[in-house]
1. Between residues in the range 128-142 that are in contact (Cβ under 8 Å) with a residue 24 or more places away in the chain and residues that are loosely packed, with under 14 Cβ neighbours inside 10 Å and not hydrophobic (A, V, I, L, M, F, W, C), which pairs lie under 7 Å by C-beta distance while being six or more apart or on different chains?
2. Counting residues that are at pLDDT below 90 and either exposed (fewer than 14 other Cβ atoms within 10 Å of the Cβ) or outside the structural domain of residue 26 (by TED's automatic domain parsing) (or both), which helices (runs of 4 or more DSSP H) fully inside the range 47-158 reach at least 2?
3. For residue 38, are the conditions met, namely being on the phi > 0 side of the Ramachandran plot and assigned by TED's automatic domain parsing to the domain that holds residue 17?
4. Among the numbered criteria (1) at pLDDT below 90; (2) in a helix (DSSP H, G or I), which one does residue 189 miss?
Amino acid sequence: MTSKHTETASEKKRIEYFAGYFKAYWQQLFLHAQNKLGDGESARDIVQETFLVLWNSEMLNHPQEVKSYLYGVIRHKILDHFRRDLVKLRYANERANQLEQQLSDPEQNLITKELRAVIEQEIVEMPERMREIFRMKKEQGLSIAEIASHFQLSEQTVKNQLYRATTRIKESIVRYDSAMVIIGMLLYGLLGYLKD
């Protein structure tokens, strides 16, 4: 009976530690992930995954090391998120090339014209600063560093604005016709917009 009692006491202690760490670090980790990803939903998912890793680890018993452990885990989760997105974009690029080859010239011209109109309308509806940053990157070809310097912003802020602008454009294309998302991304050069 003492072994069962010890397990229960040990499990209660794990739960107490976990609850304390969750309360102490959830908000910090969420803001960190949201800043890096520019997306609250993905940030929440990654923070939940991070705490799941903590729960399944032995780190609950090492309070001095938990904070750095959590930040290490979340850093890897964020990098994995970006790697998955990169794989998706590569696949989309290959698929778009296949679709492009299948379209005849008149069809391609019509699709291009329609998509340009959809994309331009979305750009016009963006908040002013986002629109300016997006146009400086896409139309003027300025680097992220140059844009950040121009507006006296951090490079991460510029990247976040570009990510949000691209997301808005993708969503507007999906609303128009989800089959054209890949073509639209290629048409407006949205693949690799953060290369600098």
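1. Close Cβ pairs (under 7 Å, with a partner that is loosely packed, with under 14 Cβ neighbours inside 10 Å and not hydrophobic (A, V, I, L, M, F, W, C)) amount to 138/189.
2. Details: elements: 66-102, 105-125, 128-138, 144-151.
Because the criterion is at least 2 residues that are at pLDDT below 90 and either exposed (fewer than 14 other Cβ atoms within 10 Å of the Cβ) or outside the structural domain of residue 26 (by TED's automatic domain parsing) (or both), the helices (runs of 4 or more DSSP H) in the range 47-158 that meet it are 66-102, 105-125, 128-138.
3. On the way: on the phi > 0 side of the Ramachandran plot: yes; assigned by TED's automatic domain parsing to the domain that holds residue 17: yes.
Criteria met by residue 38.
4. Status for residue 189: all satisfied but (2).
The values are calculated or read from the model by the stated rules, or taken from the named source; none is laboratory data. Keep in mind that this is a model prediction, so the values were computed, not measured. Don't worry about glycine lacking a Cβ; one is built from the backbone with ideal geometry, like all the others, and counts go over all protein chains shown.
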